[in-house]
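All remarks here apply to the structure that follows.
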Amino acid sequence: MSSQPPIGEIRTFDREPGVPVIRNINWGGLRTLYIKEVRRFFKVQLQTIWAPASSQLLLLIVFTTALGAHGAVPLGGQAIPFGDFIAPGLIVMGMLNNAFANASFSLLVGKIQGTIVDYLMPPLSTMELLAALVGGAVTRAFLVGATVWLAMLLWPGVHVTPVNPLAILWFGLLGSVFLAFLGVLTSIWAEKFDHAAAVTNFVVTPLALLSGTFYSVDRLAPAFRAVSHFNPIFYVISGFRYGFLGVADSPVLLGSVVVLGIDIVLGVACYALLRRGWRLKN
């Protein structure tokens, strides 16, 4: 005989009330939310991937044309061609900006449109929700980075052949996760798009532009050089550039430890705020 219950009969389970059905990681739910985040930005890929890549390539053209493609920047005792020097910084800067943009949008648009329940009600733990949001942001960052790198690889006069691919992937990941966590915090705090734009304009953009993307911090006055070393994005760009050039503005290991430590702190902050439901469940 079939073990299936008759049509209309509700099957009862031998489980006490309150006992969770999913005891460990909800891989199905985590994968579903991650795919949703990726599909959200991929549906408008002209705006979220190709446009940022085009902007970074235009910056490369403008700066190499205005400042001289054949100029050189002293770095680590070597004279690095200017185009080769700024190209890695432009790649990772595009990655960071898009990681922040993606992560700062998800929860915020849910609050504004009244669909935040779609994130809070599914059977996902706080860690699974955070992992999916950050995973989607990091995926967008790497897609933008790969697109910019391929375009620069074909651009004449600029050399972006990796010297240390592991350093490129590691610092690209550390930087993307850093901006993704910052984006999640912004998305939790913000009540309207103006709030997110304020963080972009007054926090993310200054940190990115004053991080040594277009210059070597060794050429700055001692006071400004010291200030630059308090900028976490400086370590991301320095380490990422090391992956292409083999030289860096700062010790690579130190930069890795600093950014990893900041990522952990921001991750804990995101987890605590999401778990409390601060500004999300009110």
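Derivation of every value follows stated rules applied to the coordinates shown; laboratory data play no part. Just so it is clear, the structure is predicted and the values come from calculations on it, not from any experiment. Ideal geometry is used to build each Cβ from the backbone, glycine not excepted, and the neighbour counts take in all protein chains shown.
Some observations on this one:
- Total lysine pairs whose alpha carbons fall under 20 Å of each other in the chain (8 or more apart, or interchain): 4
- Label-reachable residues, segment 133-172, where backbone N falls under 16 Å from a point 7 Å from residue 35's Cα toward its Cβ: 133, 136
- Label assignment, percent of Cα pairs over 36 Å apart derived from the structure, set (1) 40; (2) 10; (3) 24: (3)
- Residue 117-residue 163 pseudo-label distance in nm [points 7 Å out on the Cα-to-Cβ vector]: 5.6 nm
- Helical content alone sets the calculated 222 nm signal of the chain at -21500 deg cm²/dmol, taking -39,500 (n - 2.57) per DSSP H segment of four or more residues and averaging over every residue.
- Packing, taken as the mean count of other beta carbons within 10 Å per residue, orders the peptides 254-262, 191-199, 238-246 from highest to lowest as 238-246, 254-262, 191-199.
- Based on C-alpha pairs under 8 angstrom that are at least 6 apart in sequence, the chain has a relative contact order of 23 percent.
- Basic side chains Lys and Arg get +1 at the Cβ, acidic Asp and Glu get -1 at the Cβ, and with that the dipole of segment 37-276 about its Cα centre reaches some 240 debye.
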